[in-house]
There are 2 protein chains.
Amino acid sequence: MTDSLENQSQDNLENNLVQIQTLLAKMRLVEGLVHKQGGPRQDLVENLVHKQNLTELQRRVTVLHPADIAYILEALPLDERRQVWNLVDAEHNGEILLEVSDSVRESLIQDMDKAELLAAAESLDTDEIADIAADLPRDVIEELLTTLDAQKRAHLQSALAYPEDTVGALMDFEMVTIRADVTLEVALRYLRRLGELPDQLDKLFVVDRDDAIIGVLPLKRLLTTDPEVSVAAVMVEDFVKFHPEDEAHEASQAFERYDLVTAPVVDAQGRLIGRVTVDAVVDYIRESADADMLSMAGLKEEEDLFSTVWHAAKNRWLWLAVNLVTAFIASRVIGAFEGSIEKLAALAALMPIIAGIGGNSGNQTITLIIRGLALGHVTTANARRLVLKEISVAILNGLVWGSAVGVFAWLLYDKPALGGVMALAMLLNLLVAALAGIFIPMVLERMGRDPAIGSSVLLTFITDSMGFFIFLGLATVLLL
Amino acid sequence: MTDSLENQSQDNLENNLVQIQTLLAKMRLVEGLVHKQGGPRQDLVENLVHKQNLTELQRRVTVLHPADIAYILEALPLDERRQVWNLVDAEHNGEILLEVSDSVRESLIQDMDKAELLAAAESLDTDEIADIAADLPRDVIEELLTTLDAQKRAHLQSALAYPEDTVGALMDFEMVTIRADVTLEVALRYLRRLGELPDQLDKLFVVDRDDAIIGVLPLKRLLTTDPEVSVAAVMVEDFVKFHPEDEAHEASQAFERYDLVTAPVVDAQGRLIGRVTVDAVVDYIRESADADMLSMAGLKEEEDLFSTVWHAAKNRWLWLAVNLVTAFIASRVIGAFEGSIEKLAALAALMPIIAGIGGNSGNQTITLIIRGLALGHVTTANARRLVLKEISVAILNGLVWGSAVGVFAWLLYDKPALGGVMALAMLLNLLVAALAGIFIPMVLERMGRDPAIGSSVLLTFITDSMGFFIFLGLATVLLL
């Protein structure tokens, strides 16, 4: 039981981190002194201090829950992370590897040899091994497959077979099954005989001879119903179940909607093959929210806060390169109007306002549509009404903010016509932004792509280029 | 039991939505015909068809789980939403109001009179009433308080007293408590006598005479241990507990880290006052991820996809106004260099590249830092290393992308010196972006503000203004 370690508030945890950081800083200081000074006597003292610090550090780390050690490791720079990782009790290695983020896991695995990796993996359940398998060297996986018994090997292979965002990748295999024809009394005795029950267990799965699931028996009913009654009489026959190829996103919505703790996973023939638990769903929801946020900011993947400079730069290049290309094109739109700008330099000062507000307004629309698509609220039947609403909002905003920028330009440059062009260009670019904000994510979704990825770049590209084109074009035609 | 209604995959649900939308469209069509044509015979036929459609609609809605009706209502425009809402069985009104988003709830409550609202609220638990209380008219709340019994009134008042993002606002009051000195046999008999157990129940709370919690008894242990043993002998004494004033964010992290299903909430004296369940945590995590996404896109609050144009416009104005001000200031920076632009219009075409790439790169940094702050990974002790890393990445990116844009400008305008200025300005603006990306969220956090809100506006303001200033300034000094 590790229950005795499980009582850490976030404040406590942050205190722990600070104390560990202080210890590590002290150790660095001492090491620095040893290197600088020398002298055998001095060395001895320094070494003693160093050992004391090390013992203190080890003591602090050992009392922590593996999930908390994972947190500490994520918050430490690479060299200190390595120092702490080497102090961790090897029996927790597997659990910690499971808890840390993908990028931090990579950095920890680099420090482990094959034997350590095998030992860590063997301490995990098969579905957990599958979760970290992508980061394990190929030969470790192969050796692992040979050491597992037939059932576990089958579990691991099936868990590895499902793509990341499916129910198959979320599920575990710790089910408790019973037959429908026994009494609750027998079921209770069976549980007692099992001795150890899986975590999160809130219902037993009722299966027939062929392992097909025919009902579920919530523990609540088991605990409150007369033990003489048969399982068949109290089991729930209509319940939420998933297929391993279902999208994890949809399963998480079902968990949220129906307040589930666990749900069975069945194959095409209705045979029970695994279960999804709410803790896996919570991790999934958190990770996908994080991934959305990172990809919307143009990071290729989740980045270790302390990754090497080279790693970090590569993680950001794809997006910066795409942006550079779109910025070049927008720049060429302006280039086409250089003659107009030479005649009236005010145009250069005013044009970023049109482009910028268009981009911001379009991003508001795009965010609402992406969210509506994710929740299943946006459908073909209501697309027309959404377009109408967003166009109306754009016209209203165009009139309000267009007038504001128009008056500003007029007063500043004392040219009423310039103000008029500003106002008209703003109105038009807001309309462009509204339409782009609706159609970009809808078209991406229709193409089977994730509408959250790349929508925003594409939108800004359109509102920038069109904003410059509309404003400079109108000015050239109407003012010069 | 509504279990029989609970079996809907997301696909099913979307099919249901489409069928309901088709029915509503048919009904609109028929109504249109009635208005156009007239003639008593015609009317009769049309009315008959209308009634058939209405019956069919009602039939479809009635079989749905309240959470699924909530989903359908959210996906319908205001008028159709009202039509479906009027068909819903009144006994589910409360549950549906609880499930829909805040903005959709507002639109539904507008259609209900005081008696209906009271009936809906009375069908809910006190913690659930507290969740929707903000949207209920004041007189409904007051009347509700007079109709509740003393214990429930106290619960409602305490739930209403805690601010939204605290554990107090997440908790419910459906605990099952037992004494430590009884045997498991007695505990089991007690549960059977209770008959109905609360949802999500995975552990009993063990309390002393003063209602202070002294341990928890997981159902897993209750089910697998010899019934003759006393509760005291098997209860877990070190367990995760919360105080009502704890931040909901931290509680959700604890649920995620320790895979909790329920956890007790205690007051300053250690007395049990409520519990937090994982379904409330799942809703909280989803809602705060949504709120982050919306506020980062500059929406004041979550917006009903089908809200009125006026509502939608108001929701977006604050951010657009802020952006207008920052865009004006950036525009004035350019205005200061109008003389230079008149001499070399190429500057106007090139300057958005410097500003844009700076903004994108800074947003990558800011997103990582905001996430690091939320996870507790960014601390004073490692801030220096983060700054060093981000500056290094900025220099690397500045050399790579600065050279790229430099060569581009050189080739395009056949002016090597212009290329040099582009490259240097890009490098400098990426440094500005890196520093702003780190310090803006850290300073906001230090000031006790949410670093996710407004960071991005402030950053873009700095990278735009500084980008224009650096590029135009360098060009004026070095080229003209």
Counting DSSP beta bridges in chain A, what percent are antiparallel, to the nearest 5?
85
Region A:142-229: GluC sites (Glu not before Pro) in DSSP loop, at most 12 other beta carbons within 10 Å
A:164, A:196, A:228
Using θ = phi - 60° and Karplus 6.51 cos²θ - 1.76 cosθ + 1.60, couplings along region A:321-326 (whole Hz; Gly, Pro as x)
5, 4, 5, 5, 4, 5
Translational D in µm²/s for region A:177-296 (Stokes-Einstein at 20 °C, 1.002 mPa s, Kirkwood Rh from C-alpha pairs)
138
Percent of alpha-carbon pairs separated by more than 16 Å within region A:321-444
66
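Once fully extended, how much extra length lies between residue B:152 and residue B:291, figured as 0.36 nm per residue of separation less the alpha-carbon to alpha-carbon distance?
On the way: separation 139, 0.36 × 139 = 50.04 nm, distance 3.08 nm.
Residue separation times 0.36 nm, minus the Cα-Cα distance, leaves 47.0 nm.
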Residue B:467 neighbourhood, Cβ < 15 Å, K/R = +1, D/E = -1, net charge -1
For residue B:88, enumerate residues with amide H under 5 Å from its amide H, sequence gap 5+ or separate chain, H modeled in the peptide plane.
none
Starting from the Kirkwood radius over alpha-carbon pairs of the protein assembly as shown, derive D by Stokes-Einstein at 4 °C in a medium of 1.567 mPa s and give it in µm² s⁻¹.
41
At residue A:48, with labels set 7 Å past Cα in the Cβ direction, how many nm apart are the copies from this one, shortest first?
10.6
Given the convex hull of the Cα atoms of chain A, what is a quarter of its surface area in nm²?
33.4
Determine, for B:457, A:276, the number of other Cβ atoms within 10 Å of each Cβ, and report the residues in order from fewest to most.
B:457, A:276
With a Förster distance of 56 angstrom and the Cβ-Cβ distance between residue B:190 and residue B:139, calculated FRET efficiency to the nearest 0.05 equals 0.85
Shortest-first distances to equivalent copies, position residue B:142, nm, label 7 Å out along Cβ
7.9
In a Debye calculation with equal point scatterers on the alpha-carbon sites of region B:304-371 and no solvent, what is log10 I(q)/I(0) at q = 0.13, 0.14, 0.27 Å⁻¹?
-0.64, -0.71, -1.11
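Grab the Cα-Cα distance for residue A:300 and residue A:106, subtract it from 0.36 nm times how many residues apart they are, and report the gain in nm with one decimal.
68.2 nm
Tally Lys and Arg at +1 and Asp and Glu at -1 over the other residues with C-beta under 13 Å from the C-beta of residue B:430: what net charge comes out?
Here the charged neighbours net out to 0.
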Quick one: label points 7 angstrom along Cα→Cβ at residue A:26, distances to the other copies in nm, smallest first?
7.8
Summing +1 for each Lys or Arg and -1 for each Asp or Glu, what net charge is found among the other residues whose Cβ lies under 13 Å from the Cβ of residue A:91?
-4
Could you tell me how far the Cα centroid of region A:80-139 sits from the Cα centroid of region A:455-480, in Å?
52
List the relative contact order of chain B as a percent without decimals, with contacts defined as Cα pairs under 8 Å and 6+ residues apart.
10
For region B:16-144, what ratio Rg/Rh do Cα atoms give with a Kirkwood hydrodynamic radius?
1.06
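Values in this text are rule-based calculations from the coordinates and carry no lab data. Keep in mind it's a predicted model, so treat the numbers as computed, not measured. Cβ coordinates were reconstructed from backbone atoms using ideal geometry, including for glycine residues, and neighbour counts include every protein chain displayed.
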